[in-house]
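Report on one structure; see the data block that follows.
The values are calculated or read from the model by the stated rules, or taken from the named source; none is laboratory data. What you see is a predicted model; the values in this text were computed from it and never measured. Counting neighbours? That spans all protein chains shown, and the Cβs are built from the backbone with ideal geometry, glycine included. For accessibility, only protein heavy atoms count, side chains too; no ligands or nucleic acids. Shrake-Rupley method; radii C 1.70, N 1.55, O 1.52, S 1.80 Å.
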Amino acid sequence: MDLEGVISSNNPIKRDSWKTVLTLAYQSLGVVYGDLSTSPLYVYKSTFAEDIKHSETNEEIYGVLSFVFWTLTLVPLVKYVFIVLRADDNGEGGTFALYSLLCRHARVNSLPNCQLADEELFEYKNDGSGEKNIGSTLKSTLEKHKVLQRVLLVLALIGTCMVIGDGVLTPAISVFSAVSGSELSMSREHHRYVEVPVACAILVFLFALQHYGTHRVGFLFAPVVITWLFCISAIGLYNIFHWNPHVYQALSPYYMYKFLKKTQRGGWMSLGGILLCITGSEAMFADLGHFSQLSIKIAFTFVVYPSLILAYMGQAAYLSQHHFEDSQYHIGFYVSVPEKLRWPVLVIAILAAVVGSQAIITGTFSIIKQCSALGCFPKVKIVHTSSKIHGQIYIPEINWTLMLLCLAVTIGFRDTKRMGNAAGLAVITVMLVTTCLMSLVIVLCWHKSVLLALCFIFFFGSIEALYFSASLIKFREGAWVPIALSFIFMIIMYVWHYGTLKKYEFDVQNKVSMNWLLSLGPGLGIVRVRGIGLIHTELVSGIPAIFSHFVTNLPAFHQVVVFLCIKSVPVPHVRPKERFLVGRVGPKEYRVYRCIARYGYRDVHKDDLEFERDLFCSIAELVRSERPECTARMENTEDEKMTVVGTSSSNLEGVRLCEDDAGTSQKEGSSSELVEVISPQKLRKRVRFLVPESPRMERETREELKELMEAREAGLAFIMGHSYVRAKRGSSFMKKVVINLGYDFLRRNSRGPTYALSIPHASTLEVGMVYEV
């Protein structure tokens, strides 16, 4: 949505546009900023946990406040709001959006079955310049060297794995820190037996609710976060004016220098706690697809940022006048809350922590869906919990895995110090990956100078590298958790991607030549029975080996054969009018077609019945438009010509499909502009194609449409390969482990094609194939 273009027009549209922007900004508070807004619960407590002590001179507390202020200003505000948000992939954000953007501009892709036709998609913007500059040199270097392409993919996967690790750690530390506010109202001995069980109960409740989706209670998210931000900013203002009105002086960078000079190594190690003030900043970019750039900028700049600064200043003002012997127990958020307000604030904090945790859990589901679409994660069950809200999904296997890991972290650590060390490393690693990818985007996509990219990576990379080193040094005190989780998910992703790539290469090398098909003749050398044989394949050209395997061993096949390929392309969305690529395989009388359904990595797959109707309408549209005067756009592939055909809803002037009982009137659903081609057979389900009126429809075209309808009425059989992938003889030991054990285990425990799940088992036929890769 180009809001800036809309706003610059006339006044009525301007009012409507600003209303839309402000509405999105309001909604983004509940979805995007829940995690970031709850960081005051644990930043000071984690910072003063062990490495530094709060002294009478207040140099430590002022130094920490100065670090928090400048970190919040430079990273979320300057880096993300003013720079990174501009690097959207057709409105989508996140690590994989940057990777997808780079793939298209540098012709680097993790998907093996890409076609030249994909580059003509509306969202496939490849505006690379042909000028000879350092940017074009970098582009050609990436295109030539496979090692650099793998490094780029591994970098994107590291960032993705750390986001998944953050999905485990953020709910644990947010909920645990919120519940820890009860420590000031009971003895420490009693609190130890209450804190962990209550936190675990809230986490179990949170993950159990994921099945129902967030759209039913999503309207409460923004009010909860707004209430929480109002509370922390109001309490901050009260503490500033009541305890230390001069605390604003600590915002000077000079106090950072004094802090490091006095604390030295302990101050450097404490940066891992200060880092937690920017947890959730990546969500501004990752959730960009649900909102707009302007709405996210407004919400952060005018609401979230001032509230967080006031909250941290208020805590520092209170602590500057209160010095405790047991700093780890008393330095925290709740100690600065007036005693009469502690219980209400505790309730609001728990609700805000749940909202923030909900956002990161939903984000984890979303990024796993993107990884799966781009061939970097096994196929999992994806449940769309809302038919109205885009992106509301639920993945059962991932949900329960996250819950178990979350409970393990909470029960195993039982304190915010080690949880903070773990969460801090996950957060800063994602930011470092974003900085590296952004430097490439500046050169390859924005066509700016390399010097500008080097300045970007040097300035922000230096800040993040400082925090990264402080987090990594805490490896034994909790930072090992995100590394271990990322290592496990990284192995899963890379093994799946490697196995999928090798399997596709085997398919390409063993596909059957067109000469073999032509040698069989129109009858394919077998009996052609009524019906449609839908053969699922990953190939976008050529005849899959599974078809020859089937025809060679069985004496009959269907009168209409369709090679169906459902593939993802490296864009967020594919417009419905560009959904299908349809073409013939072999001569017209063979009745063999290929249909390629293209989806973006953010697209929602349609209802199976609707998809089936669109599939056959696209084939019928190909048959109808195959005339000399046809103006449909054609794309040359290896041995076929493919036509771009949209879905039924997007192609109102094309062929439409009507299905009803045999007793229904034949004229139902027809109009003066449509002529019906009706199947002569009297079956219990009658199929009709509604074809745009044409005075010169060829007889062969009409006969072919009737044959398609007869086949559709007779029924559909779905043929899919049941593959057994094995490493070929002579392969290295590592390859045998990866393919024979790793990939085989993932393949057996992953889901098959989504479309095949709704087809009755009686209509499904699996053909066993052994792949030696």
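Structure summary
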quantity	calculated
Neighbourhood charge, 15 Å Cβ-Cβ cut-off, centred on Leu169 and excluding it, Lys, Arg +1 and Asp, Glu -1	-1
Solvent accessible area, Å² - Leu209, 1.4 Å probe, full protein context	80
Accessible surface of the range 22-498 [probe 1.4 Å, protein heavy atoms]: carbon and sulfur percent	66
Theoretical gain in end-to-end length, Tyr498 to Ala408 [0.36 nm per residue, Cα-Cα removed]	29.3 nm
Dipole in debye (nearest 20) - the range 22-498, about Cα centre, beta carbon charges: Lys, Arg +1; Asp, Glu -1	440
Over 23 Å between alpha carbons, listed pairs Lys448/Lys577; Lys567/Lys641; Lys511/Lys567; Lys502/Lys577; Lys79/Lys448; Lys146/Lys381	Lys448/Lys577; Lys502/Lys577; Lys146/Lys381
For the range 700-715, 3J(HN,Hα) per residue [Karplus equation, 6.51 cos²θ - 1.76 cosθ + 1.60, θ = phi - 60°, Hz, x = Gly/Pro]	5, 5, 4, 5, 5, 5, 5, 5, 4, 5, 4, 5, 5, 5, 6, x
Amide H within-cut-off set for Val767, under 5 Å, with H built and near neighbours excluded	Met720, Gly721, His722
Distance from the range 417-436 to the range 701-748 (C-alpha centre basis), Å	40
Net charge, Ile367 excluded, C-beta distance under 13 Å - Lys, Arg +1, Asp, Glu -1	-2
For Val725, residues with placed amide H under 5 Å, excluding near neighbours	Tyr771
Note, ³J(HN,Hα) from phi for the range 285-300, Karplus 6.51, -1.76, 1.60, rounded to Hz, x at Gly and Pro	8, 5, 9, 4, x, 8, 9, 10, 4, 5, 5, 5, 5, 5, 4, 6
Euclidean distance between Cα centres, the range 63-105 to the range 253-330, Å	17
Contour excess over end-to-end distance, with Cα ends at Leu237 and Trp446 and 0.36 nm allotted per residue	71.0 nm
Solvent-accessible area per residue for the range 22-498 (1.4 angstrom probe, square angstrom)	39
Förster radius 51 Å - calculated FRET efficiency between Arg699 and Ile488, Cβ distance, rounded to 0.05	0.25
Rounded FRET efficiency, nearest 0.05, which uses the C-beta distance separating Glu505 from Ser55 and R0 of 51 Å	0.20
